[in-house]
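The values are calculated or read from the model by the stated rules, or taken from the named source; none is laboratory data. This one's a predicted model, so the numbers in the text were calculated from it and none came from an experiment. Cβ placement follows ideal geometry from the backbone for every residue including glycine, while neighbour counts extend to all protein chains displayed.
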Amino acid sequence: MRSTRDYSAEIERLKNEIETADAIVIGAGAGLSTAAGFTYSGERLQKYFGDFVEKYGFRDMYSGGFFPFETKEEMWAYWSRYIYINRYMDVDNGTYKTLFELMKGKDYFVITTNVDHQFQKAGFDKSRLFYTQGDYGLWQCSEPCHQKTYDNEDTVRAMFEQQKNMKVPPELVPHCPVCGKPMAMNLRSDDKFVEDEGWHKAAERYDDFLRSNEGQHILFLELGVGMNTPVIIKYPFWRMTAQNPDAVYACLNFGEAYAPDGIAGQSICIDGDIHKILFDLK
């Protein structure tokens, strides 16, 4: 089922669900951060990575993240800019803040594939968040020789400020404090991703939330989730909605607002800019 219903009517339906649901499970994907202003090409790319674009022809920030730079100093010059502007710089145009305002006083939990920390920056309770794919603000051993992550803010800020000629000072290149191997981003891209103690505790809290609200009037609110990793949020939301006649599935997405026919009667699909949709809901 694709979004063909009247926009205003769907907004009113969703407003009512937010107000009356026993619990709300938010599933957030890249589309939510895009709506909040986190674009990875165009003007932002040219502003912060113009020198890398000129040298390597990168068309978006993702390309540089997988590029085989010749030196660690150049690689961390790129990554420190990437982390700084997408994790520590204030970019949100109010999208996450508006969502937070809508959730005030509600029994909610957030599962997200985003790694930009925006939920916590907007005020969401850390104990109600599960970042499944990592965090730009964390490093791990590249091996990894142990299952632990490390906060990178101080070093990243120093790298951002002190880099010259597309390289960071050699002494700022991070190494594992246990084995001495190079550090890597704590981002899920292969089987070396570290699921540390905090990750497992968040996963347990998410499972506990779902279990404790099983059979209740639950709103599964999906925001900007595409089909890159549908098994994490989208497919489970569909399945849990189908299994619970009192559940409602809401899909907010630009160009990809749809639901399976089997849960069409329990679904709210709104195709549009999530920033505007959340503002209209508020």
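Observations on the structure shown:
- Test for Leu14: is it aliphatic (A, V, I, L, M), in contact with a helix residue (DSSP H, G or I) (Cβ under 9 Å, 6 or more places away or on another chain), buried (at least 19 other Cβ atoms within 10 Å of the Cβ) and under 24 Å from Ile270 (Cβ atoms): yes
- Selected residue (criterion: surrounded by the fewest Cβ atoms within 10 Å (Cβ to Cβ)) from residues of the range 157-183 that are in contact with a strand residue (DSSP E or B) (Cβ under 8 Å, 6 or more places away or on another chain) and touching a residue at least 40 places away in the same chain (Cβ under 8 Å): Lys181
- Filter result for Thr132 (out of contact with any Gly (no Cβ under 7 Å at 6 or more places or on another chain) and either more than 27 Å from Phe220 (Cβ to Cβ) or aromatic (Phe, Trp, Tyr) (or both)): no
- Reported count of residues in the range 242-269, each being over 20 Å from the mean Cα position of the chain (by Cα) and within 16 Å of Leu223 (Cα to Cα), is 6.
- Counted residues, the range 195-215 - those being under 17 Å from the mean Cα position of the chain (by Cα) and either under 17 Å from Tyr136 (Cβ atoms) or outside the structural domain of Phe237 (by TED's automatic domain parsing) (or both): 4
- Residues in the range 101-121 that are part of a loop (DSSP other than H, G, I, E, B) and in contact with a strand residue (DSSP E or B) (Cβ under 7 Å, 6 or more places away or on another chain): 6 in all.
- The lone exception for Lys15 - which of (1) in a helix (DSSP H, G or I); (2) outside the structural domain of Gln163 (by TED's automatic domain parsing); (3) modelled with pLDDT under 95 it fails: (3)
Okay, residues lined up against (1) hydroxyl-bearing (Ser, Thr, Tyr); (2) assigned by TED's automatic domain parsing to the domain that holds Ala28; (3) modelled with pLDDT of 95 or more:
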residue: Val168; (1), (2), (3): no, no, yes
residue: Cys179; (1), (2), (3): no, no, yes
residue: Leu223; (1), (2), (3): no, yes, yes
residue: Thr229; (1), (2), (3): yes, yes, no
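- Taking each residue of the range 24-52 that is at positive phi and looking for partners that are assigned to a helix (DSSP H, G or I) and surrounded by 15 or more Cβ atoms within 10 Å (Cβ to Cβ) with beta-carbon atoms closer than 8 Å, six or more apart or interchain, yields Gly37/Thr95.
- Residues in the range 122-172 that are of a type in the set (D, E, K, R), assigned to a helix (DSSP H, G or I) and farther than 30 Å from Lys104 by Cα: 4 in all.
- Output for the range 226-282, where each listed residue is out of contact with any helix residue (DSSP H, G or I) (no Cβ under 9 Å at 6 or more places or on another chain), among the hydroxyl-bearing types (Ser, Thr, Tyr) and in a helix (DSSP H, G or I): Tyr235
- Yes/no for Lys192 being surrounded by fewer than 14 Cβ atoms within 10 Å (Cβ to Cβ), within 20 Å of Gly65 (Cα to Cα) and under 22 Å from the mean Cα position of the chain (by Cα): yes
- Residue check, Asp92 out of contact with any Pro (no Cβ under 9 Å at 6 or more places or on another chain), at negative phi and either of a type in the set (Val, Ile, Thr) or in a loop (DSSP other than H, G, I, E, B) (or both): yes
- Scanning the range 190-213 for residues that are aromatic (Phe, Trp, Tyr) and in contact with a strand residue (DSSP E or B) (Cβ under 6 Å, 6 or more places away or on another chain) turns up Tyr206, Phe209.
- Any hit, the range 56-65, residues being crowded, with 17+ Cβ neighbours inside 10 Å, of a type in the set (A, V, I, L, M, F, W, C), modelled with pLDDT of 95 or more and outside the structural domain of Ile111 (by TED's automatic domain parsing): yes
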